[in-house]
Structures are given as C-alpha cells and as structure tokens.
Amino acid sequence: MTTERTTQTALPRRIAHLDMDAFFASVELLRYPQLKGLPVVIGGGRRRADDLLARLRDTYPERDWSETTLDRIPLDFFPRLAGYTGRGVATTATYAARQFGVGSAMGLMKAAKLCPQAILLPVDFDEVRRISRLFKSTITEIAPVMEDRGIDEVYIDFTNVPGGQRENGRALARLIQRSIHQATGITCSIGVAPNKLIAKMASEFNKPNGISIVLPEDLQTLIWPLPCRKINGVGPKADARLQAHGIHTIGALAERERGWLIEHFGKSYGDWLHAVSWGRDERPVVTESEPVSMSRETTFERDLHAVRDRAELGAIFTRLCAQVAADLRAKGYQGKTIGIKLRYDNFQSVTRDVTLPDATDDAASIRRHAGLCLKRVDLTRRIRLLGVRVGKLVKPGTEGAAPAHYSGNHPSVPRSVQDKAHDDHTHLLFPDLD
Ligand code: DCP
Ligand code: MG
C-alpha cells in the first residue's frame, strides 16, 4: 500500500480585520434615514419606548405615527446636543459629527460645545445585537474562519478561502464589504495584512467604508511611522513610558534592541514589543471562543460613597448579581470564581475574587460571595464603577471547563486585573451579608 501525500504549498497568510463604521450611530441611521450625513451622537442612556413617537403623536395627532413611519419624522423634532447638562458620555458619533471633533468616550457636555447642532440619540442594544449577528453570519457564509472580537469587529482568515489571495485579499474584502452593506445597510472598513496585529491597524487606515492592504514589505512605509499607541496592546500607560524614553513611533520602537526593551519593560512585554515593532504576530484566527467569564458592571451617574450611599449601592450591587446570574443561565454556564471590580473617583481600579468549591449560577450565592470580596477593598473612597464577575465557567452536563486560552474582548469579558488585598472597611457596607 502506498501512502499518498499531498504537498500543499503554504499560501502566504492573509488576515483581515473588519470593523463596522460608527456602529451604534449607523444602526440608528437605518431607523432614521433622514439623518444621513448629519452630525449624530449616540449617548445618554438606553433607548426606552420611543419617546420621539410619543411626542409626535402629541404634536401631530392627525397623522398616523408608527415604527414604520419613523423616516418621516421632521428633523426639527430630534433632540439636539445644545444645552446638554449631565454626566453622559458619547459612545460614538457619525463621521459628520467627528468633523467637529466629537468622538467616543467624550463627555456630552463637551460634545455639545463642539457641535451643539448634533442630534443626540440613545443606543438600542437589541437592534445593535441583531445587526451584529447579521453582519457576522454574512461573513461566515463567504469566509468561514472568523474570530468574533466584540460587537462590531472580527478577524477573518482569508488565506485558504477561494479567491482570498486575489489582489492580496482586496477582491474578497470588496465582496464581504458589499455583502454586509446589502444585508444590513451599514458600511464597514477592512484591513488585510500578514497577521492580526497589522490587520487591526490597517482597518483604520481608510475609515469609513475603506479597504487597506498591507504586505510584509510595507512595514517600513505604512507601519513604522505610526504612533506606538496604534499597537493593539500598547495602552496609555505603556505609551507614556515609551514616550518618556523618546520612543514615539513604532519605527523608533523597532530601533531599540530586544535586550533593552526587556530590561525596561520586563521579559514578556519587552519581547512582545520587539516582535510587534517588526510586524511579527503568529496568533491564529480562533473561530470558536467560549467565554472564560461573564460580568456586568455599571458606571454611576455620580460617584457614590460606601457609607453615605449605602442603600443605593446595595441595590445596584444586587441588580448586577442578578443580571450576571441571568446571563449565566441564558448561556447555560455556571462559574466557580466570583469577583468584583471597583473603580474609584481617581480612575484607579481594584478587583477581588474568591473561588468556590462548586460552580453556581445562583444570584443569592453570587451576591453573598461578591459581598465578601467587597470587604477586602478600600471603601473609604468614592466609587465611580462597580462590577460583578463570575469566572472559571463550566457547562453543567459537558466535560470540564471552558478552554482557558480565551482572551477575547467579548464586551462582557473584562481583562482581569490582579491586585493585592487592602485593609477592609466593608463591614460598613451590606450588613445583610454578615
Ligand atoms: N462603544 C462604546 N463605548 C466606547 C467605544 C465604543 O460603547 N468607549 C461602542 C459604540 C461603537 C461600538 O462600540 O459604535 C464600536 O466601537 P468602535 O470603536 O468600532 O467605534 P465605531 O464603530 O462607532 O466607529 P469607527 O467607525 O471608528 O469604528
Ligand atoms: Mg467600529
């Protein structure tokens, strides 16, 4: 018997990163197409029963207003940013609004100063999730090796997709872009590169509705001039330290010896910085990702104090635990690690967790153990944010735990932050947990 061996010449890796354009805002423009081209800012809470509709029925009772006539709402009926007061933050803005300097994570009061005429709309999470699923299924019908990286972005491995190498990936990117637009009515931007790291940078090069192709030989011209902050994994703190050493661009980073980087940034991060500055990244596109944890967190309207705002905090805390428990049940998971996250008024965050002998999805049990974690942090300072997380997930009835390699940026999976235990002042809080 002869063994037949097919020799497959390995094709060059072509990895795409796709990111929807002004996603939450684009979703609202589907509903209100009359806003196309106008500055629109999304922020200030969730969408409730459509209050625009209610107001319309009041003002024009003679007309028949319904979900199907939203495109006929006159422009002057939409709420504007002008005069906004409050602590709301913009989650995103249309490109027309960005021309005025408005962007995501900006306070709405500041946005109102920059662009008072902008229309302010709340986010509709149900619709956002529906469109998110729709654009992802459109992709996998064309290119099956897709990694879900969050609500509006994915990686796609083009390497072995028929036609994936044509024009170095541009042909397939065009097809996917067109298909998504047909299915959803929303544009996206795609970067195609030798790996995930560069593809992620490239998808931003031609936003909105753009395609960018980066080849290995483009490293010097396209990647090295970029600021280090453009590297997915160089955050504001690492960037500040690099800047302090006079390293402002990826090219400047590449000039440093690997040994120097390790000396100043530690073995693993230094090594990684060296590799990425030379455009090296071998991470595969991972198709199936199981969450390692599920969490819910909330940022308060105003900073809260553990003692003075005890009742309010306690209620929020209970609700977060109930939500996480509901999330776990909805997805069929139980978890062994219960954790909390706090962010103080100075933006410093701390986390604590505890691991139980048995996995749970029970709200009361989560509440009890999360409450014990709270006792291990400093509660004399004002708090901006509170989060509850359940980790070490298992699916009852299946073998073992969810794979531990997952490190995705699923919106509900925070990166874990390790912290040393503090003195506790928590006995003041949540006395029902004692
Ligand atoms: N988002 C959020 N809070 C943030 C940033 C983003 O809730 N601080 C939400 C709103 C965005 C969506 O996530 O619409 C996707 O984030 P992106 O960073 O991809 O931003 P956009 O898709 O809005 O714009 P772009 O065209 O730059 O991708
Ligand atoms: Mg986007």
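Remarks
- Among Glu301, Glu153, sorting on how many other beta-carbon atoms sit within 10 Å of each Cβ, with the fewest leading, yields Glu301, Glu153.
- Positive end of the dipole of the chain (Cβ unit charges, origin at the Cα centre): among Thr9, His305, Ala118, the Cα lying farthest that way belongs to His305.
- Equivalent ellipsoid semi-axes - Cα gyration tensor, the stretch 98-171, angstrom: 35, 16, 9
- Spatially, the stretch 369-386 and the stretch 231-286 are offset by 34 Å when compared through their Cα centroids.
- Rh (Kirkwood; distinct C-alpha pairs) - the chain, Å: 24.5 Å
- Normalised by the number of residues in the chain, the average gap of Cα pairs under 8 Å and 6 or more apart makes the relative contact order 14 percent.
- Cα gyration tensor shape of the stretch 225-380, rounded if a/c is under 1.5, else prolate or oblate by comparing a/b with b/c: prolate
- By other beta-carbon atoms within 10 Å, ranking Arg389, Arg149 with the fewest at the front produces Arg149, Arg389.
- Each Lys or Arg adds one and each Asp or Glu takes one away; over the other residues whose Cβ falls under 14 Å from the Cβ of Phe158, this sums to +3.
- Overall, the ratio between the Cα radius of gyration of the stretch 110-251 and 2.2 N^0.38 Å, rounded to two decimals, is 1.21.
- Pairs beyond 22 Å (Cα-Cα), from Lys200/Lys237; Lys110/Lys341; Lys336/Lys395; Lys336/Lys375: Lys110/Lys341
- For the stretch 224-277, diffusion coefficient by Stokes-Einstein and Kirkwood Rh (Cα), 25 °C, 0.890 mPa s, µm²/s: 231 µm²/s
- Signed unit charges on C-beta, dipole axis of the chain, positive-most listed residue Ala183, Asn206, Ile247: Ile247
- Share of alpha-carbon pairs per 5 Å distance bin for the stretch 26-92, given as whole %: 3, 13, 26, 26, 19, 10, 3, 0
- Only helical runs count toward this figure. For the chain, summing -39,500 (n - 2.57) over DSSP H runs of n ≥ 4 and dividing by all residues gives -9500 deg cm²/dmol at 222 nm.
- Listing His248, His369, His274, His17 from fewest to most neighbouring C-beta atoms within 10 Å gives His248, His274, His369, His17.
Bear in mind these aren't lab numbers, they're just calculated from the coordinates by the rules spelled out. Note that the coordinates shown come from a computational prediction; the quantities given were computed from them, not determined experimentally. Backbone-built Cβ (ideal geometry, glycine too); neighbour counts: all protein chains shown.
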